[in-house]
1. Which value, in Å², gives the accessible area per residue of the range B:133-243 when a 1.4 Å probe is used on the protein heavy atoms?
2. Could you tell me the largest-minus-smallest coordinate of the C-alpha atoms of the range B:65-217 on each of the three principal axes, in descending order and whole angstroms?
3. Rounded to the nearest 10 Å², what accessible area does A:L199 have for a 1.4 Å probe in the complete protein model?
4. Take the cross-link list A:K192/A:K257; A:K100/A:K250; A:K250/B:K182 and give me the ones stretching past 29 Å between alpha-carbons.
5. How large is the accessible surface per residue of the range B:26-129, computed with a 1.4 Å probe and reported in Å² as a whole number?
6. Using only the Cα atoms of the range B:133-243, each taken as one equal point scatterer with no solvent, compute I(q) by the Debye sum, divide by I(0), and report log10 of the ratio at q = 0.18, 0.20 Å⁻¹.
7. Please give the solvent-accessible surface of B:R30 in Å², to the nearest 10, using a probe radius of 1.4 Å with every protein chain present.
8. Could you give the dipole magnitude of the range A:186-235 about its Cα centre, charging the beta-carbon of Lys and Arg +1 and that of Asp and Glu -1, in debye to the nearest 20?
Amino acid sequence: RERVRAMFYHAYEHYLESAFPYDELRPLTCDGQDTWGSFSLTLIDALDTLLILGNVSEFQRVVNVLQEGVDFDIDVNASVFETNIRVVGGLLSAHLLSRKAGLEVEAGWPCSGPLLRMAEEAARKLLPAFHTPTGMPYGTVNLLHGVNPGETPVTCTAGIGTFIVEFATLSHLTGDPVFEDVARKALKALWKNRSDIGLVGNHIDVLTAKWVAQDAGIGAGVDSYFEYLVKGAILLQDKELMSMFLEYNKAIKNYTKFDDWYLWVQMYKGTVSMPVFQSLEAYWPGLQSLIGDVDNAMRTFLNYYTVWKQFGGLPEFYNIPQGYTVDKREGYPLRPELIESAMYLYRATRDPTLLELGRDAVESIEKISKVDCGFATIKDLRDHRLDNRMESFFLAETIKYLYLLFDPDNFIHNDGSDFDVVVTPYGECVLSAGGYIFNTEAHPIDPAALHCCRKRREEQWEVEDLMREFYSQKKTKKFTLKRAPDRGEGEIIKDPKDVSSEKAGEKRNSKKSSHSLLSCPSQSFNSKLAVLGQVFLDNT
Amino acid sequence: SCSRAKDVTMPAKLPVNFFSTRSPVIDLFRGQLDYADQLRQDSEIVLYFFYAPWCGQSIAAREEIEHVASRLSDQVLFVAVNCWWNQGKCRKQKHFFYFPVIHLYHRSFGPIEYKGPMSAVYIEKFVRRVMTPLLYISSRSKLLDFLSNYEPGVVGFFEFNASPQPPGYLTFFTSALHSLKKDYLGTIRFGVVTDKRVAEEISLVHSGSVYLHRHANTSLIYPKDIMNFTAENICKWALENREMLIRWLRPHGGKSLLLNNELKKGPALLIFIPYNPLAEIHPLLDEITKVALEYHKCNKSQAAEADLQHVGDSGSPAFDSSVTDAHLEFSETFPIAKYPCCNTVVLPQWHSISRTHNVCELCVNQTLGVKPNKVHVPHCNFLEIEAALDSFYLQEHTFFQVISNTIECSNFLSFYSPFSYYTACCRTVNRHFLSFISSEKTIFQTPRVAFSSHGKKDNTQFSIPHIEDRNCFIPDLNISSTNITGLSCRTNKTLNLYLLDSNLFWIYAERLGASRSTHLKEFAAIVDLKEEVHYVLDQNQSLVGPTL
């Protein structure tokens, strides 16, 4: 854990020293460059990592720097997707965490605040992209002028379906429904255009809704669309989003899953088009663990881990039958996905293998990519040549997930036993009780804040009904627990997110109840013994 | 979408020493595979450690290898090769999917890949096996020792007085090396007998014949006339025909179906014991072997009987061999004898405080009288014992002062029935017996659990866990013992026995309910995957019962 912390500061300090206020650090030449816009991206992205590492004072300092220094009224063409997940997501999470970081917050917090206003401002700059006949957004927008004339209408699937977490949060906090509405409309458009066998391709024309790239899979171009269906469903307790995902999940299992790998198939016919594993796909086991499918998640994770062991990183593309990298796709830009999955799975299983991956990742990254000015992207995993880039997700995600993997007591892992009561003009709210939802750039969002800002009077009654129901269930649950004596150790420590999804509807109450009541009475032996690389086949 | 900075790249750092220069391991950090091959000529036994400098596993294994090297460097050459650096010969010629890879050579024979746990003791054990794949068996008692082991043994008989090297000996030697290649756990042990009289013990007459010992089935002699006498064939024959009384399970940490495959075969008894592969004797293992043998013993198998006796004799000198006879006597009189319902209780407090161990035997005695029909049936239901236990624990404090070797008994009345009273006899057992007791537990646990899973209701009086002192000859002890004998023959449902090293795989025990921080890492549990049931043997009072 301490090594991870040292890694963070090595990279962070060199960014501040050599690259700020540019977007990214160039670690080989020790200077900076703008990549996705011009808003000191690495700093925004790394902000909540600072707090997770416990550095309150630096968090406070950076918030002040950002408030003064960042301006979105600039003539820059920016990726709608990247700006959303990195900038809007980063500012939102910083806004929600700012009280925890000891910042003076204004009276309306968490429903108002300077960082929230910045996030809203950035998001508004993206809205013109959504004005299309289909409701699906363009991929690029000019922050000053809107969509450029002659802009390509082709957008990747993920670039359309990765807004609901940030935009719904914005809508709930600010009370302006426009953000959630456009995000939902885009999601529905994708759902409507899925193929007969239930798959989506990876690029679509947002004007005509014709699929331009018809390869279906779980990786590049699609990945965070599926992720946001699940996370959106958990964040908003939305059954419709979840049922969409479960439909996709079925189709994906049917057509793309072979021997716990997920391949690429033609979206209409279901025939295999590319037998490759992509680095980006490694988020999938983490996602599976969020919907409770831990056994399958672990099996797939172990497949991906073998690739890491072969190269010391995950190549962008890995040819599964050949067991080697794919030409021109040998790089590893220090992506977080596999570590992210390891963190989620570790919360669920406590399997030491997952810590082993964490150790491997620390060793590899330190040995291979550490340079004087930071950590450099690995250009080619075959010989470990380095490239002059350090992507902002290295500090936002890779380091954060690594640290959280080794820090089981971090406030992010809160199971509800700790919480803050905040008095707002809208009433009293219970916040930061856990159950954080990470956006796809690893920026945590507190679902309780969403609820807080839209709480209405009549819901109070609903709450009390649920309480009563819950306590009557508890009695029956206790009985089953008694019959399984001393299961404590083997018991699954439920992922905070599972907890929040289980308690459909009411966060405020679930947080207060004791943890063990929310856990399952006992697991099957299959899952209990599925550690240290052991996997079990389904009985079917 | 952005490629403004793609022009500047930096080649990977040049390889540096991975092992320190003072290490007994030769570190070829530039991947000089050709030089590594040259070095092989100098030593009879060579160990290659292929690593990647960035790899966490390689870094973790480095210390273990150094440790082994420091102990064996006078007999074995240790060579580490960086097989990652892309300018090196090794990377160009070899293609590994994981690191580290350990290869062993015995002269020109090799490579034998080591796939066991990356821990120094296991590696050292394996290296020693490669150094001396054949065990020389000089006497009759050594032969018995060799054969009574729980792992299958193959014995070759070669007379050395005829020629400097009898025909077939080299083949046999190579087959032993072959088996290490195929079976990295090294379960099949190879021995060689040179004395004709010793060989006759296992009916080997001709020099050059090979014998595979089996406990439950008849042992085999290698059919030379059917199969060619080659190293591969012998090894294959032994692997195919060996019997597995107890199997070690050593998950390698990668994705594997090992447990899946084994546990789906049926109910399994998983025994966790701390194991040091280098230790000369394993008393606990001998005890378990005994149980396994007994479990598999069918009445006709005399070989097993003999082995059992041998294990018993060598395993525990304190063991009274007349026990076996006693068993028989008692089991014959079983239908007539009347049995009180008894339950032995270990007082948990004593266990942690002192080196002594308090054992109480708790019996429910029913007085003759009002309900005569109840007395004649040796029937004792679970509830009665439970009630007895409850009242016993209420009076527990009265037994605290008992720290002596004498047996103290006290009777107390049941709260529930005026016609029965409980007897509690307490004694103190020295810690010395503790391991003995824990293995005993295994014995008594087995039949009971097996029976309960078979649903044989007529044995319900033993459905309470028992922990017994050897010297205490109470009837039900013997019945338990006799019940186990040949159980595998009598029932069609077999229980598979597995061993796991608790130093490496304690997490599985934890998942089955063992405590995380126990100083004595011994644990046994029966798992039935199909029925989703498991039975746990506890350190203190055992808890048996379906938990799901």
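1. On the way: 5020 Å² over 111 residues.
That works out to 45 Å² for each residue.
2. Projected onto the principal axes, the Cα atoms of the range B:65-217 cover 59, 33, 30 Å.
3. For A:L199, solvent-accessible area is about 10 Å².
4. Values: A:K192/A:K257 23 Å; A:K100/A:K250 40 Å; A:K250/B:K182 41 Å.
Cα-Cα > 29 Å for A:K100/A:K250; A:K250/B:K182; rest within.
5. Accessible area per residue: 42 Å².
6. Rounded to two decimals, the profile gives -0.83, -1.05.
7. Number for this one is 120 Å².
8. It works out to roughly 220 debye.
The values are calculated or read from the model by the stated rules, or taken from the named source; none is laboratory data. No experiment lies behind these values; they were computed from the predicted model shown. So basically every Cβ, Gly included, is an ideal-geometry build from the backbone, and we count neighbours across all protein chains shown. When the accessible area is computed, the model is the full protein with side chains, heavy atoms only, and any ligands, DNA or RNA have been set aside. Shrake-Rupley method; radii C 1.70, N 1.55, O 1.52, S 1.80 Å.
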